[in-house]
Amino acid sequence: MHHHCEIIIPPTDDIESAIKSIMKPFDENQSQEDHDHNPSNTFYDWYVIGGRWAGTKLMAGYDQEKIKIFKQWLQEEKITVSGLQAGKQALSPEDQIPKVDAKWNEMFPSDAGELMSCPMFAHSNDQYGRNGDGTIQGDICNLKDALAASCSRVIFAGPSYDSDSEKHTGPLEATYMLCGSQWNGVNYMDVKWDGKVKTALEMFVGKLSNYGDEYRERVVPKDEWLVVTVDYHS
């Protein structure tokens, strides 16, 4: 199954490397000889930034009543989709794409006036990142603009401990994680979290209240930190 994860990281110019560093300990494909490998902690075998969840943070920021009106328009115009679905629905036949995108841009114009593909459908991005980028607008944004977003797993990351400097200045690592439910060896156990980034942030900050000032300064997310949408498979 594919799952929706949001990863919160400090500002960086190399987002792909940052996400790779954070996700590595949880990869089911790791070698048993890898010192970071702990099979009980792994939860994915493949991931891509954006993917089938591309556009979800963007959509969350729109007027939801307008989204309903757009969906009603799709029905009234008898817009059809492919009977086969892997991720987002694909418009079929494809000659409907210009019409749907035109209506989307009419109802949801971008601030910069740039035209975009309707993020609800598969043509809006490469869901497998085969061209090097599976994202669309909003998949990588500032934390202050992502608080309304929801997901099935959230990871907060910060610098790891560096033994040479004896400070948290090492590569990024997960410092706090929540998911909707967790396998306990017998059954899935629900976690007390509503799936919202804002709630997860409040829970994380509350947990850090007993930590030292230096550590909290490095790991408590700021408004300008980045929130990256990740599609992972397990």
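Out of Tyr128, Tyr161, Tyr215, which single residue is farther than 30 Å from Asn29 by Cα and aromatic (Phe, Trp, Tyr)? Just a single option satisfies the conditions, and that option is Tyr215.
Conditions (1) farther than 23 Å from Gly180 by Cα; (2) out of contact with any Leu (no Cβ under 6 Å at 6 or more places or on another chain); (3) not assigned by TED's automatic domain parsing to the domain that holds Tyr176, marked per residue:
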| position | (1), (2), (3) |
| --- | --- |
| Asp101 | yes, yes, yes |
| Glu114 | yes, yes, yes |
| Arg130 | yes, yes, no |
| Gly134 | yes, yes, no |
| Leu143 | no, yes, no |
| Ala148 | no, yes, no |
| Arg153 | no, yes, no |
| Phe156 | no, yes, no |
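Does Met189 satisfy the criteria of being surrounded by 15 or more Cβ atoms within 10 Å (Cβ to Cβ), outside the structural domain of Phe108 (by TED's automatic domain parsing) and without any contact (Cβ under 8 Å) to a residue 60 or more places away in the chain? No: the conditions fail for Met189.
For Asp126, indicate whether it is modelled with pLDDT of 90 or more, among the charged types (D, E, K, R) and touching a strand residue (DSSP E or B) at 6+ places or on another chain (Cβ under 8 Å). If you could, list the steps in order and put the result at the bottom.
Working: modelled with pLDDT of 90 or more: yes; among the charged types (D, E, K, R): yes; touching a strand residue (DSSP E or B) at 6+ places or on another chain (Cβ under 8 Å): yes.
Taking the combined requirement at face value, the residue satisfies it.
Being surrounded by fewer than 11 Cβ atoms within 10 Å (Cβ to Cβ) and farther than 15 Å from Lys99 by Cβ is the filter here, so list the residues in the stretch 70-84 that pass it. Before the answer, list the steps.
Restricting attention to the stretch 70-84, the residues satisfying the condition of being surrounded by fewer than 11 Cβ atoms within 10 Å (Cβ to Cβ) are 72, 75-76, 78, 83-84.
Within the stretch 70-84, Gln72, Gly83, Leu84 meet the criteria.
Residues that are of a type in the set (A, V, I, L, M), at pLDDT 90 or above and outside any helix (DSSP H, G or I) within the stretch 102-121 comprise Leu115, Met116, Met120, listed in sequence order.
The values are calculated or read from the model by the stated rules, or taken from the named source; none is laboratory data. Just so we're clear, the structure is a prediction, and the values are computed from it rather than from any experiment. Virtual Cβ from ideal backbone geometry, glycine too; neighbours counted across all protein chains shown.
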